1. Just report the Cα centroid separation between region 56-111 and region 123-179, whole Å.
2. Please compute the length gained on full extension between Q77 and R43, using 0.36 nm multiplied by the number of residues separating them and subtracting their Cα-Cα distance.
3. Helix-only mean residue ellipticity at 222 nm, the chain, DSSP H runs n ≥ 4 weighted -39,500 (n - 2.57), per residue, nearest 500. What is it?
4. What size of dipole, in debye to the nearest 20, comes out for the chain about its Cα centre when the only charges are +1 on Lys and Arg C-beta atoms and -1 on Asp and Glu C-beta atoms?
5. Could you order peptides 148-154, 55-61, 33-39 by the average number of other Cβ atoms within 10 Å of their residues, highest first?
6. To one decimal place, what orientation-averaged projected area in nm² is obtained for the convex hull of the Cα set of region 1-145?
7. So how much slack lies between M168 and F121, counting 0.36 nm per residue of separation and subtracting their Cα-Cα distance, in nm?
8. Of L97, L132, L167, which is the most mobile in a GNM of the chain whose springs link Cα atoms less than 10 angstrom apart?
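The values are calculated or read from the model by the stated rules, or taken from the named source; none is laboratory data. Predicted, not measured: the structure shown is a model, and the values here were computed from it. Cβ coordinates were reconstructed from backbone atoms using ideal geometry, including for glycine residues, and neighbour counts include every protein chain displayed. Keep in mind that these areas ignore ligands, DNA and RNA; they rest on the heavy atoms of the full protein, side chains included. Shrake-Rupley method; radii C 1.70, N 1.55, O 1.52, S 1.80 Å.
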Amino acid sequence: KQQCTVACYELLLLWADAVAQREPGRREVARPSGEEALGLLDRADRLGLPPTKAYHLRRATYLDLVGDAESARRERQLAGRTQPAGSLDHFLSGSILQKQGLPAEAAAEFANALRAEPEHFWAGYFLGVCNLQLSRPAQARDNFTACLRTQPGFIWLYLFRGFAHGLMDDFQLAEDDYR
């Protein structure tokens, strides 16, 4: 039962993020989606688990969307005092930090997710993206290469790894990846 509750909690956080990212003007969005995202977080909170760092970071983002800057500030403070709860919490925290334009902080969270769960594909992928943003092409190349072991058909791995090779002036390997 505990595993199912945790999985529901995580899914509600992911659902809230998807709702908050919908583009204004699309037919299914009649109002800003921050309120709906906050409602999904409220549902996650009612599951009775302690709020995670990713929960507080997401809540702050959605409160900003609805114009409640003071409550958003308080949520960010809570996030700063909350220890991440496992690899998924590190990953979700990293994804929020990356969207906020903080690649160094996001990279640290993605690296923590990988320490907790070395085969976490998306943590490795987004750590590679952060490493590109931070001008660390060798580390990015290594992240994308590791991801290829589990998802060899995922085209973006080759494109980003090729880009990393190009940044390191290894144009033959870049060309091989692009091909």
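1. Cα centroid to Cα centroid, the span is 26 Å.
2. Numbers: separation 34, 0.36 × 34 = 12.24 nm, distance 2.16 nm.
Extra length available between Q77 and R43 comes to 10.1 nm.
3. Working: 10 runs with 130 residues, N = 179.
About -23000 deg cm²/dmol.
4. Details: 21 positive and 23 negative charges, 81 e Å.
I would put it at about 400 debye.
5. Values: 148-154: 11.7, 55-61: 24.6, 33-39: 18.7.
Per-residue mean Cβ counts within 10 Å order the peptides as 55-61, 33-39, 148-154.
6. Values: hull surface 38.1 nm².
Over every viewing direction, the Cα hull of region 1-145 projects on average to 9.5 nm².
7. In short, 14.5 nm is gained.
8. Most flexible of the set in this elastic network: L167.
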